[in-house]
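As C-alpha cells, the structure follows; a few thoughts come after it.
The values are calculated or read from the model by the stated rules, or taken from the named source; none is laboratory data. Small disclaimer: the values here were computed from a predicted structure and weren't measured. In this analysis, Cβ positions are derived from the backbone assuming ideal geometry, glycine residues included, and neighbour counts consider all displayed protein chains.
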Amino acid sequence: MIEVRRLIKRFGLKTVLRGLDFRVERGEFVALLGPNGAGKTTFLRILASLSRPSLGEVRIAGFRLPGQAAAVRRRLGVVSHLPLLYGDLTAEENLRFYGRMYSVPDLDGRVTEVLEMVGLASRRRDLVRTFSRGMQQRLAIGRAVLHDPDVMLFDEPHTGLDQDASAMLDTVLSEVAARGRTVVMTSHDLARAADLASRFDILSRGVIAASVQRADIAANDLLAFYRQATQEAWSVKREP
Amino acid sequence: MKRESALMTRDTQNTVRNPLLSFLRALSAVVWKDLSAEMRSRELLSAMLVFALLVILIFNFALDLDPKTRQESTITAGVLWVIFTFAGTLGLNRSMAVEKDRGCIDGLLLAPVDRSAIYFGKTIANLVFMLIVEIIVLPIYSLLYNVNLFQPGLLLVTLLGSVGYVAVGTLLATMAVQARTRDVLLPILLFPVVLPIVLGAVKASGGFLDGIEMAEIRPWLNLLVVYDIIFIAIAFMVFDFVVEE
C-alpha cells in the first residue's frame with residue numbers, strides 16, 4: 001500500500017532523510033518511533049504530499065508522489081498534533097466544509113455518522129474554539145475519516161492530551177485500524193504504540209534503523225529495542 | 001452500530017467526478033468557509049474598518065487642508081488608495097494567519113482538488129472583505145471631505161484596483177505566512193509588486209474626479225485590466241509551488 005525507496009529530503013544544506021526505505025502492506029498499523037529531529041514529521045509530510053521529496057520514489061496505493069498527488073490525497077486521511085479545524089465554525093460546519101472539498105457523497109448523512117463515531121453528535125452546533133483539546137482531536141479524526149480513506153497518517157496525535165482524552169483517542173484509533181485501513185502513526189509514547197500497532201519501525205538519523213512485528217516482541221522489550229536501534233544509528237553515523 | 005457503519009469502507013473513489021464541478025465546489029466551499037467564519041468573529045472586517053476610518057481621520061487632521069484643497073482630485077485619489085492598500089494588507093495578513101494558526105492550510109492542501117481552487121476561493125473572499133470596507137469608507141470619505149465619490153467610473157476603478165491588489169496580495173500573503181516575520185514581510189513583498197496597480201488606480205481615480213476626457217483615462221484603465229489579468233495568471237500558475245515545501 002505504501003512503498004518508499006531511497007527517499008532523500010534536504011532543506012538547504014541540511015539532509016533530514018538519508019535514503020530511507022519503507023514498505024507497508026494493506027491493513028498494517030505501523031508505529032513510527034524515533035527521537036526528536038529524526039525526521040518523522042518530515043517523512044509523514046512527504047507521504048501526505050505536503051512536501052516534495054528531494055530524491056527517491058514514493059508510491060501510495062500504486063500512485064506516485066508528487067506526480068499523482070491528487071489521486072493519493074483522495075485515499076489519504078491525515079491527523080496531526082494540530083487539529084486543522086476552524087475555531088469560528090461549528091463541528092458540523094467544519095465537517096461539511098471538508099466534505100465539500102473531498103466531494104463526499106450524501107454529505108449530510110455522512111457528517112452525522114462521523115460525529116456519532118467520534119462522540120460529538122451532541123456538540124455538533126458548538127463552535128470548535130469552545131472545544132477542549134481532546135474534543136478537537138476527536139473531531140480532527142472525524143475530519144480525516146470523512147471521505148473514507150484507505151490510508152491514515154497520524155503525526156503524534158496524543159500530543160497535549162490528558163489521560164482520559166488519550167484513552168478515548170486510542171479507542172477511536174483502534175476502530176479506525178480494525179476496519180482494514182492502513183495506518184502509519186508517529187509517536188514518542190512507546191507504551192501507547194505497543195497497544196495499538198502491529199509493527200514498530202524506528203526512524204533515526206533519517207533512515208529506518210530497525211523494524212519489528214508486534215508478534216515478535218514483548219511489550220516490555222520495546223524500550224530496549226528502541227534504545228538499541230537509535231544508538232546503533234548514531235554509532236553508524238559516527239563511523240568514518 | 002452507527003459507529004461501525006461510519007467506519008465501513010465506501011466506494012467514494014468510484015464516484016464519477018467532473019473536474020470543473022469539483023473545482024467550483026472546492027472554490028465555493030473556501031469562499032463559504034471564509035465568509036461564515038468572518039460573520040461569526042468579525043475580527044478581520046472590524047480591524048480593517050477601524051484602521052481605514054482612523055487613517056481618514058489622521059489625514060483629515062494631519063494635512064490640515066483648507067476646504068478647497070481637500071476636494072482636489074490628487075489628494076482624494078491618493079488618500080483613498082493609501083487607505084485601501086493599508087487596510088487591505090491588514091486583511092490579507094489576517095486571512096492567511098487564520099489558515100496557519102491551527103494548521104488549516106495543511107487541511108486545505110490535503111484536499112484532492114486543484115490547488116488553484118483554493119487560491120481563487122481565498123482571493124474571492126478577500127475581495128469581498130475589501131469591497132465591504134470600500135463600500136463603507138467611500139460614503140464616510142465623501143461626507144468628511146465633501147467630495148462626490150459615487151461616480152460609475154470611479155467605482156469601476158475601485159473594483160479593478162481591488163481585484164489586482166487582492167489577486168497578488170493573496171499569493172504573497174500565502175508566501176509570507178510561512179515566515180515568522182509574516183506581519184512585516186507581507187507589506188515589504190507586496191507594495192513594490194503592486195505599485196503599477198496603485199499608480200493606475202490613483203491616476204484613473206483622479207481623472208474621473210476631475211471629469212477629464214475618457215480618452216485620457218483609458219490608458220490607466222487598460223493598465224489596470226492588463227495587470228489584473230497578469231497577476232491572476234501568474235498566481236494561478238505558481239500557487240501550487242508557493243504552498244509546497
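For segment A:62-75, a tally of residues being crowded, with 18+ Cβ neighbours inside 10 Å and not in a helix (DSSP H, G or I) returns 2.
Just one of the numbered conditions (1) at pLDDT below 90; (2) under 20 Å from the mean Cα position of the chain (by Cα) is not true of residue B:144: (2).
Would you check if residue B:228 is within 14 Å of another protein chain (Cβ to nearest Cβ), touching a residue at least 60 places away in the same chain (Cβ under 8 Å), surrounded by 13 or more Cβ atoms within 10 Å (Cβ to Cβ) and within 21 Å of residue B:31 (Cα to Cα)? Judged against the criteria, residue B:228 is not a match.
Filtering segment A:36-74 to residues that are under 19 Å from residue A:155 (Cβ atoms), in contact with a helix residue (DSSP H, G or I) (Cβ under 7 Å, 6 or more places away or on another chain) and of a type in the set (A, V, I, L, M, F, W, C) leaves A:50, A:58, A:60, A:65. Just one of (1) at pLDDT 90 or above; (2) more than 15 Å from the chain's Cα centre (by Cα) fails for residue A:140. It is (2).
Specify which of the listed residues (B:170, B:174, B:158) is in a helix (DSSP H, G or I), closer than 20 Å to residue B:55 by Cβ and polar (S, T, N, Q). Write out each step before concluding.
Details: B:170 fails: closer than 20 Å to residue B:55 by Cβ; B:174 fails: closer than 20 Å to residue B:55 by Cβ.
Criteria check complete, one pass: B:158.
Within the set A:167, A:224, A:215, A:209, the sole residue that is of a type in the set (A, V, I, L, M) and at pLDDT below 85 turns out to be A:167. Annotation note: of A:54, A:103, A:49, the sole residue that is within 12 Å of chain B (Cβ to nearest Cβ), of a type in the set (Ser, Thr, Tyr) and under 16 Å from the mean Cα position of the chain (by Cα) is A:49.
Of the helices (runs of 4 or more DSSP H) contained entirely in segment B:1-94, those carrying at least 2 residues that are buried (at least 16 other Cβ atoms within 10 Å of the Cβ), more than 14 Å from every other protein chain (Cβ to nearest Cβ) and modelled with pLDDT of 75 or more fall at B:43-63.
Taken as a whole, segment B:181-188 holds at least one residue that is farther than 15 Å from residue B:224 by Cβ, in a loop (DSSP other than H, G, I, E, B) and free of Cβ contacts under 8 Å to residues at least 12 places away in the same chain. For segment B:104-118, the set of residues classified as part of a helix (DSSP H, G or I), facing chain A (nearest Cβ under 7 Å) and touching a helix residue (DSSP H, G or I) at 6+ places or on another chain (Cβ under 8 Å) consists of B:104, B:107, B:109, listed by residue number.
With respect to the conditions (1) assigned to a loop (DSSP other than H, G, I, E, B); (2) more than 29 Å from residue A:132 (Cα to Cα); (3) away from chain B (no Cβ under 14 Å), residue A:19 falls short on a single one, namely (1).
Does segment A:76-100 hold any residues that are among the hydrophobic types (A, V, I, L, M, F, W, C), farther than 20 Å from residue A:158 by Cα and either part of a loop (DSSP other than H, G, I, E, B) or facing another protein chain (nearest Cβ under 8 Å) (or both), and which are they? Matches in segment A:76-100: A:89, A:97. Per this entry, residue A:145 is not counted among residues that are touching a strand residue (DSSP E or B) at 6+ places or on another chain (Cβ under 6 Å) and more than 11 Å from every other protein chain (Cβ to nearest Cβ). Checked against (1) without any contact (Cβ under 8 Å) to a residue 24 or more places away in the chain; (2) buried (at least 16 other Cβ atoms within 10 Å of the Cβ), residue B:111 passes all but a single condition, namely (1).
The condition of being surrounded by fewer than 20 Cβ atoms within 10 Å (Cβ to Cβ), facing chain B (nearest Cβ under 9 Å) and in a helix (DSSP H, G or I) holds for residue A:116.
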